[in-house]
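J.: My questions all concern the structure below.
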Amino acid sequence: MADPLLFNPRTYDPAQFDPDTRRLLRATVDWFEDRGKRRLIEDYRSRAWLADFLAFASEEGLFATFLTPASAAGHKDQRWDTARIAALNEIFGFYGLDYWYAWQVTILGLGPVWQSDNAAARNRAAELLAQGEVFAFGLSEKTHGADIYSTDMLLTPDGDGGFRATGSKYYIGNGNAAGLVSVFGRRADIEGPDGYVFFAVDSRHPAYHLVKNVVDSSKYVSEFRLEDYPVGPDDVLHTGRAAFDAALNTVNVGKFNLCTASIGICEHAMYEAVTHAHNRILYGRPVTAFPHVRRELADAYVRLVGMKLFSDRAVDYFRSASPDDRRYLLFNPMTKMKVTTEGEKVIDLMWDVIAAKGFEKDTYFAQAAVEIRGLPKLEGTVHVNLALILKFMRNHLLHPAEFAAVPTRLDAADDTFLFEQGPARGLGSVRFHDWRPAYDAYAGVPNVARFREQADALCEFVATAAPDEEQSRDLDLLLAVGQLFALVVHGQLILEQARLTDLDEDVLDELFSVLVRDFSAFAVELHGKDSATVDQQRWALGAVRRPVVDEARSGRVWERVEALSGAYEMAP
């Protein structure tokens, strides 16, 4: 029997979506399954460009259906629907990050276009999507990375109302094939933010020079250079501060996709790992008979379930966002930072069990172990996103506001606000609903109650022992505090989604036993920081807790993990 909490291609039926979405999701799964594992791995190892995948996507109208907002739609099923985009992220991650990456950077490339008032550019993008083209996001540079304050892409006025663009961009996915590249630059004749420009470029234009693929992968992560590239009025997407906001708001949209891709990678790897471990005999017993193996695989399983619960609930806040409800600005970097680093832990736990098997060239696991590392490092590092999360800590923990309950958002609606986010500032003023009721609802679950003690302790820390002005310049210490805060937010949305889906309380209790251990570990880390005060050190050790142990509960959760053995294996 398939585990209902994990994606399994054998039983996958996305019945929660409309018929066309169901058809496209199932068709994508079937395309990968028909190709088989041998071809999947060989294409990964040989770094083959994704031409056949993109041909499939074009024939099915996959990208056009999922990535054309209703305002630019050519038929009724086209919309920007974060719930079904998340479902497709998970599928792509399950089969290989190369496929997800071509889709992800298409999303990033479209962000500045769909935020633009330039009707000609919007129409061109819709037409290109309908033709099966991919897109690219020209933000980063070799010297400056994604530091848009320092861009060296220069636009010089040509005297006829347009510009000539010259400069290089680096680490730009799909730069070899994009029908449209959204490029960030600045005017040579205007200093400061007023000179910023986002403009559209065709990678086939003779003034567009593809330099190389900067990674050794099927992902074509390009370096390109524009030499006197003509930019007309129909190519200009944003100017001035609006161009800066479009860059940050596009990343807000794009970074959300990393969490569900990470989930897909972990799910496929888990089927392989449990099946291998359960069928390998060591000292006359299955490897899974050893207590430490059971603990590691059970921890990996519940962490993965937590990743899914958090990400599914975050979709609801993303889709319900508005100018008056910007809670997504916290939950978004959480999906990028927390969920993806949980993915690394899941893979590491399983790899400790299967050991050398994880290196073998005929396994999906070998590529999963490499690819899972990339997601925490894309669209801003873990440290950047932790620092962002900290901006919300005091309001979230100590100053809740009233909000209407956010329902599960699986409706076939267009998420228009994502392209109307407005100025990318004012994060310190964002308010949140009270986090405590989510925990109160599960006060009878022993490890939820134990973790709640730690969450309450963090509120005390913020109120009485928070970093002072001098410590606030010590990013190393602040990041340790950020990890503690992230765990409280992680637990909150997990509990909200558990309530909405009637999650098995054994699984929830086992998951929170892991979170109690995590909180204790980060508290000890804070205790050891060079600049931690005596009061902070005392608080940190006082926040350490031991999870509530229940052997019967752990045994029931293990039965769920054990049942994954043989539950799915990709056809040869």
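The values are calculated or read from the model by the stated rules, or taken from the named source; none is laboratory data. It should be emphasised that the depicted structure is a prediction, and the values quoted were computed from it without experimental measurement. Quick reminder, even Gly has a Cβ in these numbers, built from the backbone with ideal geometry, and neighbours come from all protein chains shown. Calculation scope for accessible area: heavy atoms of the full protein, side chains included, ligands and nucleic acids excluded. Shrake-Rupley method; radii C 1.70, N 1.55, O 1.52, S 1.80 Å.
J.: Taking strands (runs of 3 or more DSSP E) that fall entirely within region 185-276, which contain at least 1 residues that are open to solvent by 30 Å² or more (accessible area, probe 1.4 Å)?
T.: By residue number, 208-213, 221-231, 236-239.
J.: Among the acidic types (Asp, Glu), open to solvent by less than 20 Å² (accessible area, probe 1.4 Å), part of a helix (DSSP H, G or I) and under 24 Å from residue 453 (Cα atoms): which single residue out of 535, 509 fits that description?
T.: 509
J.: Looking at 195, 240 in this structure, which one is on the phi > 0 side of the Ramachandran plot and free of Cβ contacts under 8 Å to residues at least 60 places away in the same chain?
T.: 240
J.: Which pairs have Cβ atoms under 9 Å, sit 6 or more apart or on different chains, and link a residue in region 263-291 that is over 16 Å from residue 365 (Cβ atoms) to one that is charged (D, E, K, R) and in a helix (DSSP H, G or I)?
T.: Final answer for the pair search is 288/294; 288/562.
J.: Report yes if some residue within region 541-564 is within 27 Å of the chain's Cα centre (by Cα) and open to solvent by 50 Å² or more (accessible area, probe 1.4 Å); otherwise report no.
T.: yes
J.: Then there's this: With the requirement that a residue be over 31 Å from the mean Cα position of the chain (by Cα) and of a type outside the set (Ser, Thr, Tyr), what does region 527-540 give you?
T.: 530, 532, 534, 535, 536, 537, 538, 539
J.: Among the residues of region 14-56, what is the count of those that are buried (at least 16 other Cβ atoms within 10 Å of the Cβ) and either touching a Lys or Arg at 6+ places or on another chain (Cβ under 8 Å) or of a type in the set (Ser, Thr, Tyr) (or both)?
T.: Within region 14-56, residues that are buried (at least 16 other Cβ atoms within 10 Å of the Cβ) and either touching a Lys or Arg at 6+ places or on another chain (Cβ under 8 Å) or of a type in the set (Ser, Thr, Tyr) (or both) number 7.
J.: Using the structure shown, decide if residue 158 is loosely packed, with under 15 Cβ neighbours inside 10 Å and in contact with a Gly (Cβ under 6 Å, 6 or more places away or on another chain).
T.: Spelling it out, it is not the case that residue 158 is loosely packed, with under 15 Cβ neighbours inside 10 Å and in contact with a Gly (Cβ under 6 Å, 6 or more places away or on another chain).
J.: For region 347-395, name all the residues that are crowded, with 23+ Cβ neighbours inside 10 Å and polar (S, T, N, Q).
T.: 385
J.: Still on this model: In region 520-556, how many are free of Cβ contacts under 8 Å to residues at least 24 places away in the same chain, closer than 16 Å to residue 456 by Cα and of a type in the set (A, V, I, L, M)?
T.: 2
J.: Still on this model: Any residue that is over 22 Å from residue 272 (Cβ atoms) and out of contact with any helix residue (DSSP H, G or I) (no Cβ under 6 Å at 6 or more places or on another chain) - is there at least one of those in region 356-377?
T.: Checked against the condition, which is being over 22 Å from residue 272 (Cβ atoms) and out of contact with any helix residue (DSSP H, G or I) (no Cβ under 6 Å at 6 or more places or on another chain), region 356-377 yields at least one hit.
J.: When you go through 106, 11, 65 one by one, which is the residue that is modelled with pLDDT of 95 or more, over 20 Å from the mean Cα position of the chain (by Cα) and buried (at least 16 other Cβ atoms within 10 Å of the Cβ)?
T.: 65
J.: All but one of (1) modelled with pLDDT under 95; (2) more than 27 Å from residue 394 (Cα to Cα) hold for residue 569; state the number of the condition that does not hold.
T.: (1)
J.: If the Cβ limit is 8 Å and pairs must be 6+ apart or interchain, which residue in region 363-374 that is more than 16 Å from residue 100 (Cα to Cα) and aliphatic (A, V, I, L, M) pairs with which residue that is open to solvent by less than 10 Å² (accessible area, probe 1.4 Å) and not in a helix (DSSP H, G or I)?
T.: Filtered contacts from region 363-374: no entries.
J.: Looking at (1) more than 15 Å from the chain's Cα centre (by Cα); (2) open to solvent by less than 40 Å² (accessible area, probe 1.4 Å), which is the one condition that is false for residue 284?
T.: If we test residue 284 against (1) more than 15 Å from the chain's Cα centre (by Cα); (2) open to solvent by less than 40 Å² (accessible area, probe 1.4 Å), just (2) comes out false.
J.: Can you tell me which of 119, 136, 70 is surrounded by 20 or more Cβ atoms within 10 Å (Cβ to Cβ), among the aliphatic types (A, V, I, L, M) and at pLDDT 95 or above?
T.: 136
J.: Here's another thing I want to ask about it. Within the group 166, 143, which residue is of a type in the set (Val, Ile, Thr) and either in contact with a Phe, Trp or Tyr (Cβ under 6 Å, 6 or more places away or on another chain) or surrounded by fewer than 18 Cβ atoms within 10 Å (Cβ to Cβ) (or both)?
T.: The unique qualifying residue is 143.
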